[in-house]
1. Identify, from the list Gly167, Gly178, the residue that is loosely packed, with under 12 Cβ neighbours inside 10 Å and not basic (Lys, Arg).
2. Considering only residues that are of a type in the set (Gly, Ala, Ser) and in contact with a strand residue (DSSP E or B) (Cβ under 7 Å, 6 or more places away or on another chain), which ones fall in region 67-120?
3. Being open to solvent by 70 Å² or more (accessible area, probe 1.4 Å), out of contact with any strand residue (DSSP E or B) (no Cβ under 6 Å at 6 or more places or on another chain) and free of Cβ contacts under 8 Å to residues at least 60 places away in the same chain, is that true of even one residue in region 516-538?
4. If I filter region 237-275 down to residues being among the β-branched types (Val, Ile, Thr) and open to solvent by less than 60 Å² (accessible area, probe 1.4 Å), which single residue comes out as modelled with the highest pLDDT?
5. Mind checking which residues of region 1-51 are over 16 Å from Ser305 (Cβ atoms), surrounded by 12 or more Cβ atoms within 10 Å (Cβ to Cβ), at pLDDT below 75 and more than 29 Å from the chain's Cα centre (by Cα)?
6. Open to solvent by 30 Å² or more (accessible area, probe 1.4 Å), touching a Lys or Arg at 6+ places or on another chain (Cβ under 9 Å), modelled with pLDDT under 80 and closer than 24 Å to Arg445 by Cβ - does that describe any residue in region 775-792?
7. So which residues in region 312-327 are over 44 Å from the mean Cα position of the chain (by Cα) and open to solvent by less than 60 Å² (accessible area, probe 1.4 Å), if there are any at all?
8. Scan region 661-677 and tell me whether some residue there is in a strand (DSSP E or B) and closer than 23 Å to Gly517 by Cβ.
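The values are calculated or read from the model by the stated rules, or taken from the named source; none is laboratory data. Remember, predicted model here, so these are calculated numbers, not experimental data. With ideal geometry, Cβ positions are generated from the backbone for all residues, glycine too; neighbour counts draw on all protein chains shown. For accessibility, only protein heavy atoms count, side chains too; no ligands or nucleic acids. Shrake-Rupley method; radii C 1.70, N 1.55, O 1.52, S 1.80 Å.
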Amino acid sequence: MDMHKVQNKKAIRRLSLRMVRQGKRKCLPGITAILLTTVLFTALFTVGGSLLEIYQDVAMRKMGSSAMAGIKFVREEDYKKLARDPAVLNARYRIILGRAGEEKLQKFNTEVSYATEEEAGSMYCAPTEGRMPAERMEIATSKLVLQALGVPCRIGVAVPLAIEVDGRKVRETFTLSGYWEGELWASAQQCWVSRAYCEKMAPAPESSFYEKEYEKEEVTYAGYWMVDFDFENSWNLEGKLRALLERNGYDSSQIAASVNSAYGMASLDFATVFMVFGLLCLIMLSGYLIIYNIFVLNVAGDIQSYGLLKTIGTTGRQLKKLVRCQALLLSAVGIPVGLLLGALLGKYILPAVASSLSDVIGATGMEVSLHPAIFLGASCFSFLTVWISCQKACRMAAKVSPIEASRYLDISAKRETAGRSRRFSKRRKGTAASLARANLQRSPRKVAVVVFSLSLSLVLLNSVYALVRGFDMEQYISSSLVGDALVSDASILQHSFQPDTAGVAEEAQEEIRQLEGVAESHPIYSADSYLIFGGASQERMLRTVREKTMYFEESPEDGILNYLQQEGQLLCQLYGMDAWGVSRLLPEKGAIDWEKFQTGDYIILNTIGLGRGGAEPLMGIYYDVGDTCPVRLPDGSVKDYQVMAIADIPFAITSRFSYYLGTMAVLPEQEYLAHAAKPGALYQALLAGEGQEDVLEQSLEAYAESSPTLQYVSRKFYQKDFEGYIRMYWMVGGSLSFLLGLIGILNFTNSMVTGILTRKKEFAMMEAVGMTGRQRRAVLAWEGGIYAILVLACALAMSTAVNLTLLQSGSGAWFYESHFTVLPVVSCIPVLLALSCAIPLAVSGIAMRQTVAERLREQ
């Protein structure tokens with residue numbers, strides 16, 4: 001009878017179920033392997049998906065909006081036109097009134113506007129207590145603003161507030177209608193007023209904001225609308241916004257329209273895709289190695305059963321179905337349990353990662369995302385891994401010959417076993433080491449799978465260690481801090497739209513110098529000035545603008561180029577520094593001589609793109625070393641200086657914003673103060689006394705709390721950020737290394753168990769001709785030791801390759817420098833040797849409890 005035409009699916013399923021039930025112990029490693037693989041996939045998707053949502057949510061909160069795009073400074077008719085466009089979804093708006101003018105709110109950039117409820121919600125500024133203002137003199141704001149004003153968080157309480165409306169200040173007393181928590185790191189705090197009050201104080205403007213801007217009229221902001229909206233999806237937001245503007249008759253180069261950069265977090269770049277793909281492949285490979293090995297070993301153990309099935313007419317195709325059916329049964333148990341454990345693992349890993357990220361990105365109150373897609377994806381990847389892994393076992397079962405199966409003995413012929421037994425009994429070359437080596441040579445593929453599986457966890461652990469070791473804390477801190485602490489006006493550190501570059505007054509400078517823990521105090525001054533161009537310098541500047549068109553949003557011919565040609569001067573950030581501050585500069589051309597510099601006849605220039613390893617600055621050099629550079633100083637006077645050097649100014653001591661073409665200049669402190677409009681400093685840079693870092697931190701914390709306008713950053717602040725960043729890598733990389741190591745150990749254990757069980761009769765024959773139990777244990781210990789040596793060799797080779805290739809650039813962080821190391825692999829040698837010897841001996845002790853005669857009688 002042709003077995004292909006027999007309806008035997010139910011018989012195959014029953015037989016598979018029966019084989020699984022009879023071999024429960026043999027199935028346990030397979031279920032465990034599938035379970036662990038599913039745990040890895042589920043944890044990866046759970047944590048990865050949650051972190052992606054966290055990063056996007058934090059980015060949106062920092063941007064101050066969840067809207068996909070927005071248009072600024074328009075009128076009501078523009079809003080209505082855009083809202084009618086079929087591509088626009090959820091259009092909402094707010095109307096600008098002004099900003100809070102209270103001295104108590106100097107540490108917060110606080111805007112005052114009217115907003116719809118939808119707009120307030122999308123800006124994360126909707127009241128959680130109370131409601132939005134409805135009556136004319138009602139107001140809603142954050143707890144942060146209320147606490148700064150000294151107003152209790154209670155609905156109905158009076159809120160006195162000064163508002164600056166296009167240069168004029170009005171003082172009102174509002175009634176609190178609602179409030180919310182507020183975010184410290186938000187770009188601005190919001191105060192919502194009623195529509196009636198807003199329209200009274202800021203009537204609808206008659207002309208376009210952009211007409212006034214380009215005609216150089218006095219620019220006002222009150223009364224203009226800020227419109228936010230969404231599209232159907234976040235794909236190609238820039239293109240969709242540009243098409244929307246063109247469709248409605250707007251010039252994208254003449255209107256302030258932008259997309260929310262936070263949605264870029266959902267658009268994975270090549271590096272992110274590569275990393276995610278690499279992790280998926282790594283998990284699939286580790287799962288494949290163990291599941292493949294388990295199925296192959298199980299088929300080898302049941303080879304006689306498959307041979308008997310062949311003798312009664314079962315085809316190879318049906319035997320493949322039999323093995324696949326067993327894989328499905330094991331998956332039906334392992335995958336659901338793995339999904340549950342993976343979700344729980346992700347739930348506990350994420351808070352630990354979140355606590356690290358809270359300092360780095362400001363994320364708090366994070367929750368695990370348990371979207372059905374996570375479980376579907378983990379299930380599919382796990383099942384795919386199982387399906388691929390069992391193909392070799394299916395082919396083995398299909399190709400089995402009934403005659404060969406009846407005498408199968410771990411892929412070796414009995415005469416080979418008998419020959420080794422005689423050689424061992426004669427004590428010629430049959431040492432424990434040679435027997436162990438000969439046994440491993442019988443199945444090199446199995447050995448390779450086990451070795452590679454164990455090596456993966458060591459390579460990953462070594463890579464994480466090398467990556468973390470490459471992150472330089474000093475380099476990380478130096479990008480944001482010079483010295484041990486910086487004190488400045490809050491508007492500088494919060495990147496306010498109206499920064500006060502002279503916020504550290506002379507009295508405050510003296511108070512800061514007297515703080516406990518301060519060893520040195522160095523002011524850094526800054527104000528706006530103008531570089532005056534003419535002749536060769538102007539030609540160089542104009543040529544730069546013509547050639548660097550990619551750095552300008554508008555055509556240089558229509559904008560900046562015409563301005564530079566007509567005005568002959570360029571807005572410049574002027575800095576004043578003492579000897580300590582000047583010593584922080586990094587000369588690119590020329591040399592800095594402090595003795596000559598402090599005479600007041602010299603200037604140091606900077607331009608965008610210096611410090612790029614000797615490459616040409618992005619925006620060119622207009623005045624070169626030795627040139628005479630005329631400067632219009634803050635007090636209005638003009639003075640000629642000789643250019644001493646072109647130098648890079650560390651970002652930490654700049655005002656943290658830049659103008660067109662990004663020009664900066666440095667004068668010595670006394671020369672700067674002689675021409676300053678305001679004597680206040682941009683920063684007060686502090687150095688702590690020896691062992692006084694903690695004392696300085698406490699002094700600054702107390703001082704900042706008592707000051708209405710000043711804030712500080714310190715080494716401890718950035719050190720905490722850095723440690724959180726590193727902890728995140730250890731948490732994720734360490735967890736993955738542990739699970740891969742567990743899979744590798746399970747693979748090794750299963751391989752040894754199966755190998756010993758299939759050789760029970762072989763060992764019995766060898767013991768019958770003279771092998772002692774001690775000699776058998778020595779052979780097994782040597783087998784484990786050879787495994788350990790091979791694993792170490794493989795791990796060292798792979799770690800070296802990874803160190804010299806993938807880890808050269810690290811994660812792309814600017815504070816990373818590659819360091820070659822194999823220390824974690826070397827450190828694992830004692831543990832690996834102990835496990836590789838202990839596991840075979842423990843398995844042997846359990847498997848060899850029967851007498852030699854009983855083992856010889858087994859079929």
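1. Gly167
2. Ala67, Ala69, Gly70, Ala83, Ala91, Gly98, Ala100, Gly101, Ser113, Ala115, Ala120
3. no
4. Val259
5. Met3, Val6, Asn8
6. No: region 775-792 contains no residue that is open to solvent by 30 Å² or more (accessible area, probe 1.4 Å), touching a Lys or Arg at 6+ places or on another chain (Cβ under 9 Å), modelled with pLDDT under 80 and closer than 24 Å to Arg445 by Cβ.
7. Gly313, Thr314, Thr315, Gly316, Gln318, Leu319, Leu322
8. The answer is no; no qualifying residue exists.
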